[in-house]
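To start, the structure itself, in structure tokens.
The values are calculated or read from the model by the stated rules, or taken from the named source; none is laboratory data. Only a predicted model underlies this, so the values are computations on that prediction, with no experimental measurement involved. Using ideal geometry, Cβ is built from the backbone for each residue, glycine included, and neighbour counts are taken over all protein chains shown. These area figures cover heavy atoms from the full protein model, side chains too; ligands, DNA and RNA do not enter into them. Shrake-Rupley method; radii C 1.70, N 1.55, O 1.52, S 1.80 Å.
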Amino acid sequence: LLGMFGLTVIAAIMGRAVQQDFEYRVEHFFFSAPIKKWEYLWGRLGGAVAVLLIILSSIAFGDLVGLFLPGIDPDRIGPIRPLAYIVPYLTVVLPNLIVLGGLFFCLAALTRRMLPVYIGSVICLIGFLASQGLLRDMSNKTIASMLDPFGVVALRETVAYWSISDRNLNLIPLEGLLLWNRLLWLAMAAAVIGISMWRFR
């Protein structure tokens, strides 16, 4: 959920990674250098993903540091497990970063402007908030889980019948609807990135 509120940060960093070259008129230096188109684009995309992983990891780091603040009762927290911080990043944050970040990066690369990227991020956020009620009320939970690019519906379905104890002790496994949702949207992101790299001039 906190990673979703970083949607505008994802849009800003992913879009600026490629758009700033055109804004500051330095693209000629890169395009005349002995590098290939895919090397330029993948370098920019990979750098932006690395920066965003550092930024988004600060959420978990702040959460972890907060557990050691004075006045926190250790008995109410339970044991600190590193996997409880790592698994959500691998199953939710990283795939969402690739899916949404790839979309924003491609918008910036093809339009060479930031306005479409920011509009796209607002549409994604509004669309997500509006769709949650609709997807929750769908009779076919499998289709609803597949339609959600953030994976929230699939996560909710995975833990729908877990007890409070299960939710406190178990990590959400990457299987079933959640696994298929992640694979579907990562494949779609790969297709969008591939088409954008082909269309980029």
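Residues that are farther than 19 Å from Gly102 by Cα and either open to solvent by 50 Å² or more (accessible area, probe 1.4 Å) or in contact with a Gly (Cβ under 8 Å, 6 or more places away or on another chain) (or both) within region 27-56 comprise His28, Phe29, Phe30, Phe31, Ser32, Pro34, Ile35, Lys36, listed in sequence order. Scanning region 154-183 for residues that are open to solvent by less than 70 Å² (accessible area, probe 1.4 Å) and either in contact with a Cys (Cβ under 9 Å, 6 or more places away or on another chain) or not in a loop (DSSP other than H, G, I, E, B) (or both) returns Ala154, Leu155, Glu157, Thr158, Ser165, Asp166, Gly176, Leu177, Leu178, Leu179, Asn181, Arg182. Whenever a residue of region 172-201 is farther than 29 Å from Pro82 by Cβ, its partners that are surrounded by fewer than 15 Cβ atoms within 10 Å (Cβ to Cβ) and of a type in the set (Lys, Arg), lying with C-beta atoms within less than 8 angstrom and at least six residues away or across chains, give the pairs Met197/Lys37; Phe200/Lys37. Go through region 130-153 and give me each residue that's open to solvent by 80 Å² or more (accessible area, probe 1.4 Å) and under 16 Å from the mean Cα position of the chain (by Cα). Leu147, the sole residue that qualifies. From the list Ser121, Ser139, the one residue that fits, being outside any helix (DSSP H, G or I), farther than 26 Å from Pro82 by Cβ and at pLDDT below 85, is Ser139.
Of the residues making up region 59-70, those that are loosely packed, with under 13 Cβ neighbours inside 10 Å and part of a helix (DSSP H, G or I) are Phe61, Gly62, Asp63, Val65, Gly66. Scanning region 84-108 for residues that are among the β-branched types (Val, Ile, Thr) and farther than 12 Å from Ile10 by Cβ, we see that the one that is most open to solvent (accessible area, probe 1.4 Å) is Ile86.
Taking the conditions (1) closer than 30 Å to Asn168 by Cβ; (2) open to solvent by less than 70 Å² (accessible area, probe 1.4 Å); (3) in contact with a helix residue (DSSP H, G or I) (Cβ under 8 Å, 6 or more places away or on another chain) in turn, Gly15 satisfies each one other than (1). Here Cys124 clears all of (1) over 30 Å from Phe200 (Cα atoms); (2) touching a helix residue (DSSP H, G or I) at 6+ places or on another chain (Cβ under 7 Å) except the condition numbered (1).
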